[in-house]
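For reference, the structure is listed below as structure tokens.
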Amino acid sequence: MEKKRWIDITQPLTNDMAHWPGDTPFRFELGVTKEQSGSVNIGEIRTSLHMGTHADAPFHFDGTGRKLHELDVNTYIGRARVIDVTAHPSLGRSELEDYDLEGVERLLLKSSETNNPLVFPETFIELLPDIGPYLRELGIFLLGIDVPSVDRTDSKELPTHHSLGDNGIHIVENLMLADVEPGDYDFIALPLAIHGADGSPVRAVIKKA
């Protein structure tokens, strides 16, 4: 029997990757080289916490929301279902009602047939605010998506972030799902333990359940 292997669905963090307009781009460099120290290379990074594949803490969009270190790590480990929503330019309750989501706790939306980390998408799927209450009704507490945000790029009110947050739905953005078949998977996407943070890059992996 072929052994099931973990599949990496993380955007690699590279110095030439695209970033949210106006946000701090990712930058890695050697702060100290082995030649300078006599023993080791020491790298350093500068980045927004929302670069690449990342988790949003409620504090990201709610000044009184929980910060990263206050979230349960178990939220980001467990069974997840990937569904293909590439046919939908927008997605809300009425569209999701056509999918079998019985027993699902973590839902990953494959919304794009391509996902190029080097190019910030001009347009991407619009998630409607009525998605939050519906996911809560179903018992879903984590939503992952393969685009930079659950809200539109030009949104200042962030209605879908708030809808999800108000209904206890945790958010993971910028997954790499273009080559992933719909179905059930074991899922790990652990944020870094950054005290007081509004979000964190994650290393997201899945394995066929």
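Bear in mind these aren't lab numbers, they're just calculated from the coordinates by the rules spelled out. None of these values were measured; they are calculated from a predicted model. Because the Cβ atoms are built from the backbone with ideal geometry, glycine has one as well, and the counts that use them run over all protein chains shown.
Taking a ≥ b ≥ c as the square roots of the Cα gyration tensor eigenvalues, with a/c under 1.5 meaning rounded and otherwise prolate when a/b beats b/c, else oblate, which class fits the stretch 12-106?
Prolate is the answer for the stretch 12-106, as a/c is 1.5 or above and a/b outweighs b/c.
Could the peptides 177-185, 104-112, 24-32 be put in order, highest first, of the mean number of other beta-carbon atoms found within 10 Å of their residues?
Working: 177-185: 16.1, 104-112: 21.7, 24-32: 13.3.
Result, highest mean first: 104-112, 177-185, 24-32.
To the nearest µm²/s, what D does Stokes-Einstein give for the chain at 20 °C and 1.002 mPa s, using the Kirkwood radius over alpha carbon pairs as Rh? Could the numbers behind the result be given before it?
Values: Rh = 17.8 Å.
Stokes-Einstein gives a translational diffusion coefficient of 120 µm²/s.
Considering the chain as a Gaussian network with a 10 Å cut-off on Cα pairs, which listed residue, Pro89, Pro117, Pro129, attains the greatest mean-square fluctuation?
Among Pro89, Pro117, Pro129, the largest mean-square fluctuation in the Gaussian network model of the chain belongs to Pro89.
State, to one decimal in nm, how far the label point of Val119 lies from the label point of Ile45, with both points 7 Å from Cα in the Cβ direction.
Each label point lies 7 Å from its Cα, and together they span 2.5 nm.
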